[in-house]
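Colleague: Sending over a structure as structure tokens; questions will come in a sec.
The values are calculated or read from the model by the stated rules, or taken from the named source; none is laboratory data. On a predicted model such as this, the values are computed, not experimentally measured, just so you know. Because the Cβ atoms are built from the backbone with ideal geometry, glycine has one as well, and the counts that use them run over all protein chains shown. Remember, those area values only see protein heavy atoms, side chains included, never the ligands or the DNA or RNA. Shrake-Rupley method; radii C 1.70, N 1.55, O 1.52, S 1.80 Å.
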Amino acid sequence: MYYNCLVNIPKNTGKISRNKRGKTTYIEYTYAREYLPEKKYNVARRTTIGKADPDHPGMMFPNPNFEKFFPDVEIPAEGTAAEPVNESRSSCIRIGAFSVVRRIIEDYKLAEHLKRWDDRGKGLLLDLATYSVIAESNAAQHFPDYAYNHPLMTPQNKIYSDSTISRFIREINDNDRVDFLNSWNATHDKNEKIYVSYDSTNKNCKAGDIEMAEYGYPKNDVGAPIINYSIAYDMTNEKPLLYESYPGSIVDVSQLKYMLEKIRGYGYKKIGFILDRGYFSKANIQFMDSCDYDFVMMVKGRASFVHGLIMEHMGEFESKRACSIKAYRTYGMTVKAKLYADDDTDRYFHIYYKAKKQASERARLEADLDRMEAEMDKIKGREYKLPKRYEHYFKLTYHKDKFYGYEEREDVIE
């Protein structure tokens, strides 16, 4: 793929060569030389970085390899961006999945919600969204390969390079995001009862100096700073309502209040929430009560009040047909209790039990314990430090850094 713009052919004559094939002269760059001992000479390793323009001697049309080996040379723009030559499209365009995504875009009138954007910006943004769905990737450097054999929504089906896309994404600011979300939520019926399914996660960041990347509490801690982001859907997980990113040091529990205020700011009047257990805190629950929001929240099974409820009602419903939820082959019951000592409200707690899941979890635990015991038997009398998870299930005995024995922690295992 060659860009529809011209740059000077590099003057590094020792590494630049010309290779004429037919009527086209290709500019090649020697990026390495490999010595072949059996032949006792060097072999040049070359790659094509552009093709010469016959109308402008000393100039060439660059390709992505030119950007790789000459990153300091600025690719000139044609109009508003350096654009690939359109004739480099595939003769066979894949339209099936694209047609489905485009129909969704049209049905939801997404282009109309991008009020701050010109036609080029709208088309490129929607093309990137379509690419991420169809290719299941968001790597900008692979977008030109996708665009080579797919229809596009940019004017004249223009293909843009990965460097142009990077510049385009950098230009998107918070005002663009806020304006889109305001316009998107304005189309929903504010009097309709909605349940918002909300969750957040984090991503480890190794991209260098990014303001939002901070050390926090990641689910998978690799010692890197993280970025948190979250998304809220309607109850059927069909329509996203809002998304947000926030610094890695802010925990999910404290971020929930700001999300609730955003939802209220969009004008929704009858709202309920479906929340993961990561948002469980007294302050969050009191805030939702003050807003008169309904909510369903998963709770941590080992929390003391939850454990007390389970032990209190154990044996009352696990095998009763009246408590069977046949669609899920699960048994359940609902009880009323206060969530905390000074709670003003009696709340409904739903307790579930699934015999198949309990049996499989028990089998996995037994196998895991047997494996750990076999491992510890092998290293007795040797200098060895066992991982922390062993200490959860066993009392470990060390003497002068040598491992000598173990004893099951029956209270934990049971």
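Colleague: Counting every Cα pair in the chain, what percent are over 39 Å apart? Spell out each step's value before the answer.
Modeller: Details: 40610 of 85491 pairs.
Counting pairs separated by more than 39 Å, the tail of P(r) holds 48 percent.
Colleague: If each residue of separation counts as 0.36 nm, what is the full-extension length gain between Ile250 and Asp346 once their alpha-carbon separation is subtracted? Before the final figure, lay out each step's value.
Modeller: Working: separation 96, 0.36 × 96 = 34.56 nm, distance 3.09 nm.
Once the chain is fully extended between Ile250 and Asp346, it gains 31.5 nm.
Colleague: Counting only other residues whose beta carbon sits under 13 Å from that of Cys323, what net charge do I get with K and R as +1, D and E as -1?
Modeller: On the way: positive: Lys320, Arg321, Lys326, Arg329, Lys354; negative: Glu316, Glu318.
Surrounding charge for Cys323 is +3.
Colleague: Which FRET efficiency value, to the nearest 0.05, do you get for Ala139 and Lys336 by plugging their Cβ-Cβ distance into 1/(1 + (r/R0)^6) with R0 = 35 Å? Can you show the working numbers first?
Modeller: Values: r = 51 Å, r/R0 = 1.47.
Efficiency at R0 = 35 Å is approximately 0.10.
Colleague: In vacuo Debye scattering of the stretch 45-164, one point per C-alpha: log10 I(q)/I(0) at q = 0.10, 0.12, 0.19 Å⁻¹?
Modeller: -0.36, -0.51, -1.12
Colleague: Mean-square fluctuation check for the chain, GNM, Cα pairs under 10 Å: which of Arg364, Arg329, Arg94 is largest?
Modeller: Among Arg364, Arg329, Arg94, the largest GNM mean-square fluctuation belongs to Arg364.
Colleague: At 7 Å along Cα-to-Cβ for each site, give me the label-to-label distance between Glu373 and Arg167 in nm.
Modeller: Placing both labels 7 Å beyond Cα along the Cβ direction yields 6.7 nm.
Colleague: Here's something else I'd like to know. In whole percent, how big is the carbon plus sulfur part of the accessible area of the chain, probe 1.4 Å, protein atoms only? Please list the in-between numbers first.
Modeller: Details: 12930 of 26190 Å².
Answer for the chain is 49 percent, counting heavy atoms of protein chains only.
Colleague: Additional query: With a probe of 1.4 Å, find how much accessible area the chain has per residue, and write the answer as a whole number in Å².
Modeller: On the way: 26190 Å² over 414 residues.
About 63 Å² of surface per residue is accessible.
Colleague: Then there's this: Gaussian network model of the chain, Cα springs within a sub-10 Å range: biggest mean-square fluctuation belongs to which of Tyr393, Tyr31, Tyr268?
Modeller: Per the Cα network of the chain with a 10 Å cutoff, Tyr393 tops the list.
Colleague: Could you tell me the calculated FRET efficiency between Lys300 and Ile231, based on Cβ-Cβ distance and R0 = 35 angstrom, to the nearest 0.05? Please report the intermediate quantities before stating the final value.
Modeller: Values: r = 22 Å, r/R0 = 0.64.
My answer for the efficiency is 0.95.
Colleague: Something else: Enumerate by residue number the trypsin sites (Lys or Arg not before Pro) in the stretch 270-319 meeting two conditions: DSSP loop (anything except H, G, I, E, B), and at most 14 other Cβ atoms within 10 Å of the site's Cβ.
Modeller: On the way: sites: Lys270, Arg277, Lys282, Lys300, Arg302; in loops: Lys270, Lys300, Arg302.
In loop regions of the stretch 270-319 (DSSP not H, G, I, E or B), the sparsely surrounded trypsin sites (Lys or Arg not before Pro) are Lys270, Lys300, Arg302.
Colleague: A follow-up question, please. Quick one: what does P(r) look like for the stretch 272-346 with 5 Å bins over all Cα pairs, in whole %?
Modeller: All Cα pairs considered, the percentages come to 3, 12, 19, 23, 19, 13, 8, 2.
Colleague: Run through the DSSP bridge list for the stretch 262-356 and note the antiparallel percent, rounded to the nearest 5. Intermediate values should be presented prior to the final figure.
Modeller: Numbers: 10 of 14 bridges.
Percentage antiparallel, nearest 5: 70.
Colleague: Test of understanding: in a Gaussian network model of the chain with alpha carbons linked when under 10 Å, which of Glu171, Glu74, Glu366 would top the mean-square fluctuation ranking?
Modeller: The residue that fluctuates most here is Glu366.
Colleague: Can you tell me what the convex hull of the Cα atoms of the stretch 1-77 projects to on average, as an area in nm²?
Modeller: Values: hull surface 24.4 nm².
Result: a mean projected hull area of 6.1 nm².
Colleague: Between Ser183 and Leu36, what is the label-point separation in nm under the 7 Å Cα-to-beta-carbon projection?
Modeller: Between Leu36 and Ser183, the label points sit 6.0 nm apart.
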